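*Asks:* Encoded as structure tokens, here's the structure I'll be asking about.
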Amino acid sequence: MYCTNCGQNIETSYNFCPGCGCTLQIAEPKQKNNKEALLETVGKYLETLPNLRIERYNHADFELFSDLANANWKTGKVKIDFYACLKADEKDNTVYYYEILKEVRQGLGFFSGFKVETYKSDGKQLFGNVKELQFGPGGKIVDYDWDYSKIRSGIERTVNQQGWKFKLVLWKNKAMY
């Protein structure tokens with residue numbers, strides 16, 4: 001069960017949320033087993049996220065794209081992209097979700113800057129963020145702050161509130177048609 005106020009995963013026996021302290025109300029699924037209603041709700045959540053390109057029904061129910069960095073300079077380039085896809089399977093009422101942060105760097109490096117990665121993993125999921133700020137000859141060329149679990153946790157919360165299961169998969173084809 002999830003808190004309807006802050007979204008924290010909590011035990012069903014709790015009367016108050018340990019995360020925000022609010023009185024718990026059980027969120028009943030609106031239309032359990034209805035795939036289109038689920039996808040509509042997930043889509044509404046995704047539309048609230050900035051800098052996210054959303055495609056429907058191409059290779060999955062949703063494909064998500066975000067360009068975090070795309071810089072070129074005389075001696076090199078860097079491109080950092082987020083990609084995710086999800087498939088809702090009515091046979092087992094499960095949403096299968098795949099995500100990746102892809103980084104490609106070529107040529108000579110930057111002149112100054114920093115990159116900080118803070119994360120933890122439970123063996124299945126990655127939690128934490130990456131912050132990077134790099135300067136080149138013409139000034140700032142890379143500047144991003146990415147939270148690994150922000151999109152995933154919001155989708156998982158939305159899916160669970162609709163009475164479906166959520167499963168993070170390691171193989172992209174398991175979250176596609």
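*Asks:* Take Lys91 and decide whether it is modelled with pLDDT of 90 or more and more than 17 Å from the chain's Cα centre (by Cα).
*Replies:* The answer is yes for Lys91.
*Asks:* Kindly indicate the residue of region 134-149 that is charged (D, E, K, R) and more than 16 Å from the chain's Cα centre (by Cα) and also modelled with the lowest pLDDT among those meeting that condition.
*Replies:* The selected residue is Lys140.
*Asks:* If you don't mind, another one. Residue by residue through region 62-83, note down the ones that are part of a strand (DSSP E or B) and more than 18 Å from Tyr144 (Cα to Cα).
*Replies:* Phe62, Glu63, Gly76
*Asks:* Could you list, in sequence order, the residues of region 52-61 that are touching a helix residue (DSSP H, G or I) at 6+ places or on another chain (Cβ under 7 Å), assigned to a loop (DSSP other than H, G, I, E, B) and within 30 Å of Gln106 (Cα to Cα)?
*Replies:* Selection gives Leu52 alone.
*Asks:* May I pose another question? Any residue that is in contact with a strand residue (DSSP E or B) (Cβ under 9 Å, 6 or more places away or on another chain) and under 24 Å from Lys165 (Cβ atoms) - is there at least one of those in region 67-80?
*Replies:* No, because not a single residue in region 67-80 is in contact with a strand residue (DSSP E or B) (Cβ under 9 Å, 6 or more places away or on another chain) and under 24 Å from Lys165 (Cβ atoms).
*Asks:* A further question on this structure: Could you give every pair whose Cβ atoms fall below 6 Å, whose first residue belongs to region 147-169 and is closer than 13 Å to Thr41 by Cβ and in the same structural domain as Phe127 (by TED's automatic domain parsing), and whose second residue is among the hydroxyl-bearing types (Ser, Thr, Tyr) and in a helix (DSSP H, G or I), counting only separations of at least 6 or pairs across chains?
*Replies:* Gly154/Tyr45; Thr158/Thr41; Thr158/Tyr45; Gln162/Thr41
*Asks:* Of all residues in region 55-99, count the ones that are out of contact with any Cys (no Cβ under 6 Å at 6 or more places or on another chain), more than 30 Å from Pro137 (Cβ to Cβ), hydrophobic (A, V, I, L, M, F, W, C) and touching a residue at least 40 places away in the same chain (Cβ under 8 Å).
*Replies:* So the count comes out to 6.
*Asks:* Tell me, which residue of region 150-166 that is out of contact with any Asp or Glu (no Cβ under 9 Å at 6 or more places or on another chain) and surrounded by fewer than 17 Cβ atoms within 10 Å (Cβ to Cβ) is farthest from Glu117 (Cα to Cα)?
*Replies:* Checked region 150-166; the qualifying residue farthest from Glu117 (Cα to Cα) is Gly154.
*Asks:* Then there is this: Go through the residues of region 43-51 one by one and say whether even a single one is assigned by TED's automatic domain parsing to the domain that holds Ile151, among the β-branched types (Val, Ile, Thr), in contact with a helix residue (DSSP H, G or I) (Cβ under 9 Å, 6 or more places away or on another chain) and surrounded by fewer than 14 Cβ atoms within 10 Å (Cβ to Cβ).
*Replies:* Yes, some residue in region 43-51 is assigned by TED's automatic domain parsing to the domain that holds Ile151, among the β-branched types (Val, Ile, Thr), in contact with a helix residue (DSSP H, G or I) (Cβ under 9 Å, 6 or more places away or on another chain) and surrounded by fewer than 14 Cβ atoms within 10 Å (Cβ to Cβ).
The values are calculated or read from the model by the stated rules, or taken from the named source; none is laboratory data. Not measured: the values here are computed from a predicted model. Reconstructed Cβ throughout: ideal geometry from the backbone, glycine too, with neighbour counts over all protein chains shown.
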